[in-house]
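Written below as structure tokens is the structure these notes are about.
The values are calculated or read from the model by the stated rules, or taken from the named source; none is laboratory data. These numbers come from a predicted model, not from an experiment. Here the Cβ positions follow ideal geometry from the backbone for every residue, glycine too, while neighbour counts run over all protein chains shown. Surface accessibility is based on the protein's heavy atoms, side chains included, excluding ligands, DNA and RNA. Shrake-Rupley method; radii C 1.70, N 1.55, O 1.52, S 1.80 Å.
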Amino acid sequence: MTIPQKVMDAAAELRAMYGEHVEHLGEFQGAQAYYYHFPDDVTVGFPCVYLLKEGKLTEIGGFFALDILGSFFKDVEEV
């Protein structure tokens, strides 16, 4: 799947630092969800999730980003 340019632009700083790791998750509450998948050897804080709905992009961080990712990755342990 091709990642929309709005998402790629929002993740530009992460892509420049860590490489091309933007992935499509699927649909979340009527929006298409994407996230930046940090390389395994990178230790960071919260992940970045991007929601795209009707051309509007929303960047999500913090615990809500973890909740969104958890809805797609069922085998992730809750902290």
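Check whether at least one residue in region 44-51 is of a type in the set (A, V, I, L, M), over 23 Å from MET1 (Cβ atoms) and open to solvent by 50 Å² or more (accessible area, probe 1.4 Å), and report yes or no.
Of region 44-51, the ones of a type in the set (A, V, I, L, M) are 44, 49, 51.
Filter again for over 23 Å from MET1 (Cβ atoms), leaving 44.
Within this subset, residues satisfying the condition of being open to solvent by 50 Å² or more (accessible area, probe 1.4 Å) are 44.
Scanning region 44-51, I find at least one residue that is of a type in the set (A, V, I, L, M), over 23 Å from MET1 (Cβ atoms) and open to solvent by 50 Å² or more (accessible area, probe 1.4 Å), so the answer is yes.
What is the residue count in region 33-43 for residues that are assigned to a strand (DSSP E or B) and either on the phi > 0 side of the Ramachandran plot or open to solvent by 60 Å² or more (accessible area, probe 1.4 Å) (or both)? Spell out the reasoning first.
Here is the first cut: in region 33-43, the residues assigned to a strand (DSSP E or B) are 33-36.
Adding the requirement that they be either on the phi > 0 side of the Ramachandran plot or open to solvent by 60 Å² or more (accessible area, probe 1.4 Å) (or both) leaves none.
Residues flagged as assigned to a strand (DSSP E or B) and either on the phi > 0 side of the Ramachandran plot or open to solvent by 60 Å² or more (accessible area, probe 1.4 Å) (or both) within region 33-43 amount to 0.
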Filter region 16-31 for residues that are under 12 Å from the mean Cα position of the chain (by Cα) and more than 15 Å from ASP67 (Cα to Cα); the one that is surrounded by the most Cβ atoms within 10 Å (Cβ to Cβ) is VAL22
Taking region 1-20 and keeping residues at pLDDT 95 or above, out of contact with any helix residue (DSSP H, G or I) (no Cβ under 9 Å at 6 or more places or on another chain) and among the aliphatic types (A, V, I, L, M) leaves ILE3, VAL7, ALA10, ALA11, ALA12, ALA16
Listed by first then second residue, the pairs whose first member lies in region 1-28 and is in a helix (DSSP H, G or I), whose partner is among the charged types (D, E, K, R), with beta carbons under 7 Å and at least 6 positions apart or on separate chains, are ALA10/GLU59
Within region 52-68, the residues that are exposed (fewer than 11 other Cβ atoms within 10 Å of the Cβ) and part of a strand (DSSP E or B) are LYS56
Of (1) open to solvent by less than 30 Å² (accessible area, probe 1.4 Å); (2) among the hydroxyl-bearing types (Ser, Thr, Tyr); (3) assigned to a helix (DSSP H, G or I), SER71 fails just (1)
